[in-house]
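Notes to accompany the following structure.
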Amino acid sequence: MSAKVMNVPSHRILQPSHVRDLRRENAVLKRRLARALEECRRDGLTGVYNRRHFELLMNRIVHERIGSPRPMTVILVDIDHFKSINDRFGHLIGDLALKHAAQLLVDTVELDGVVCRYGGEEFAILVEDGNEAPASIAERIRAAIEKNPLTLSAGQIDMTVSIGVSSKLAQAGRPFQTQLLKDADDALYRAKANGRNRVEVS
């Protein structure tokens, strides 16, 4: 008994040119998806990572660091008297000040950690693999903000920051992350209470 030969309509056979077109379209879709995912991780104003990404990244690194002798470190940075910048110069200039501060943080931290906008004029830095002591990284940040004012056509706006640092050996569970952030926040509060433009370590 002879095998039955099926006739496939010619319009259903993919020609080489069709395959190339599909590959190009697939590559375009992949790039668009990658851009969309990256935009979801970023703060719309400053371009640094957002708080949601910070929390997800922190959760992942905590699990990786459990049992490691390397501590987890969080640095919280708050622009001093930021409300006065908005009040004196307006919110558009305030936005420029936030962008300027964010870029200085990224430039200063470089490969030591990840910068995120934590909320308002506050930024969080998750230190990953820096060989430098966290307090030294924080001091470099403080000095960079103080020495690099926002320069505008009408003049310059001087800024300073208060910084809180917390380091702990990673432990499983959400309470560890909550405590790490609370300790950094408490240190930040002390920096503000002790005169601002300073670093305090938990």
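Using the structure shown, decide if LYS168 is in the same structural domain as ALA191 (by TED's automatic domain parsing), of a type outside the set (A, V, I, L, M) and surrounded by fewer than 12 Cβ atoms within 10 Å (Cβ to Cβ). Before the answer, list the steps.
Working: in the same structural domain as ALA191 (by TED's automatic domain parsing): yes; of a type outside the set (A, V, I, L, M): yes; surrounded by fewer than 12 Cβ atoms within 10 Å (Cβ to Cβ): no.
No, not satisfied.
Keeping to the range 49-94, report how many residues are of a type in the set (Val, Ile, Thr), under 20 Å from SER202 (Cβ atoms) and part of a helix (DSSP H, G or I).
The total comes to 2.
Where in the range 101-202 are the strands (runs of 3 or more DSSP E), entirely inside, with at least 1 residues that are free of Cβ contacts under 8 Å to residues at least 24 places away in the same chain? Please lay out each step first, then the result.
Numbers: elements: 113-119, 122-127, 150-152, 155-157, 161-168, 199-201.
Here the list reads 150-152, 155-157.
So, in the range 147-159, how many residues would count as being out of contact with any strand residue (DSSP E or B) (no Cβ under 7 Å at 6 or more places or on another chain) and within 13 Å of HIS100 (Cβ to Cβ)?
5
The values are calculated or read from the model by the stated rules, or taken from the named source; none is laboratory data. Since we're looking at a predicted model, the values are computed, not measured. Reconstructed Cβ throughout: ideal geometry from the backbone, glycine too, with neighbour counts over all protein chains shown.
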